[in-house]
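The values are calculated or read from the model by the stated rules, or taken from the named source; none is laboratory data. If you're wondering where the values come from, they're calculated on a predicted model, not measured in any experiment. All Cβ positions, even for glycine, are placed from backbone atoms using ideal geometry, and neighbour counts span all protein chains on display. Side chains included, ligands, DNA and RNA excluded: accessible areas come from the protein's heavy atoms. Shrake-Rupley method; radii C 1.70, N 1.55, O 1.52, S 1.80 Å.
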Amino acid sequence: MVSPFSPDWRNELLRNVPLLNAANTFSGNLTIDGTSAQLILGKIAGSSALPVPALVLAKRTSAASETIGVSDGAGGYSALVAYLGSSEWTFRIGDTVTDDFKISSNGISQFGGQLVFPATQNPSAGANTLDDYEENSWTPTITFGGSSTGISYGTRAGRYVKIGQMVWAFFDFTLTSKGSATGGVNVTSFPFTSLNDGMLGVVSIAFYSGMTGLTGGLRGYLNINLATANLVQDGAATTANITDANFTNTSRIVGVAMYRAA
């Protein structure tokens, strides 16, 4: 037994590990190929095919870089390939041709153009950490005095985008009947509850029609710790609530709410 501290321990290791022969038919579990500079943990299938499975450590002479990969048994690295360039690690997943992402001192480059977040957010308290992205549809609902009795719609649509805590919720609805409810106007059922931080969300109205009795521009705000917005109109000194009386059976409102989600 040669001591690991002996200068001859490497030679002893190589002497006890069978090397790949000219026909590439070695059937052992560990192969050192001096010609291609590969260390293969697994079994050779024959010809130029790699083992199933195999862990391959190699010097990529074409890219002058170090490689670690997992073979697919068909002569390629189908599961994962990582190689070290002059100043970064590049990873290929699923094939042997396309680089998927690169890690360097400048950050992470995503060559595939997609960054996937889990369906259920894993929230972070870090001020510089992006922990969520989501986009989907939602269904806006209008109420008068908290009730939607008799209200019907010709069209009703909503889309939202959430990046981290920030939500942009777009909505567009047209009434066919304003129903019998009375009172102040709310748009409800926003996709996320607003953050309870003392800051109101902003509702911007891009277009409206079929309204009556308005004396100022239409806008709104999202209530704190709720998924409900109040619609108001501009006044000389402050905004004023609008009510069911400002709506007709053909009213249409198009807008977007911008707020931080809880």
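Brief remarks on what is shown
Listed here are the residues, each with its yes/no results for (1) open to solvent by less than 40 Å² (accessible area, probe 1.4 Å); (2) closer than 24 Å to TYR153 by Cβ.
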| position | (1), (2) |
| --- | --- |
| ASP197 | no, no |
| GLY201 | yes, yes |
| PHE207 | no, yes |
| THR238 | no, no |
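- Residue within the stretch 160-174 that is over 25 Å from MET258 (Cα atoms), hydrophobic (A, V, I, L, M, F, W, C), without any contact (Cβ under 8 Å) to a residue 40 or more places away in the chain and not in a loop (DSSP other than H, G, I, E, B) present: no
- Looking only at the stretch 119-133, and only at residues there that are open to solvent by 70 Å² or more (accessible area, probe 1.4 Å) and more than 17 Å from TYR160 (Cα to Cα), the one that is nearest to the chain's Cα centre (by Cα): LEU130
- Test for THR182: is it assigned to a strand (DSSP E or B), closer than 20 Å to THR149 by Cα and open to solvent by 50 Å² or more (accessible area, probe 1.4 Å): no
- When THR139 is tested against (1) in contact (Cβ under 8 Å) with a residue 60 or more places away in the chain; (2) in a loop (DSSP other than H, G, I, E, B), exactly one condition is not met: (1).
- Count - residues of the stretch 216-230 that are open to solvent by 20 Å² or more (accessible area, probe 1.4 Å), part of a strand (DSSP E or B) and touching a residue at least 40 places away in the same chain (Cβ under 8 Å): 1
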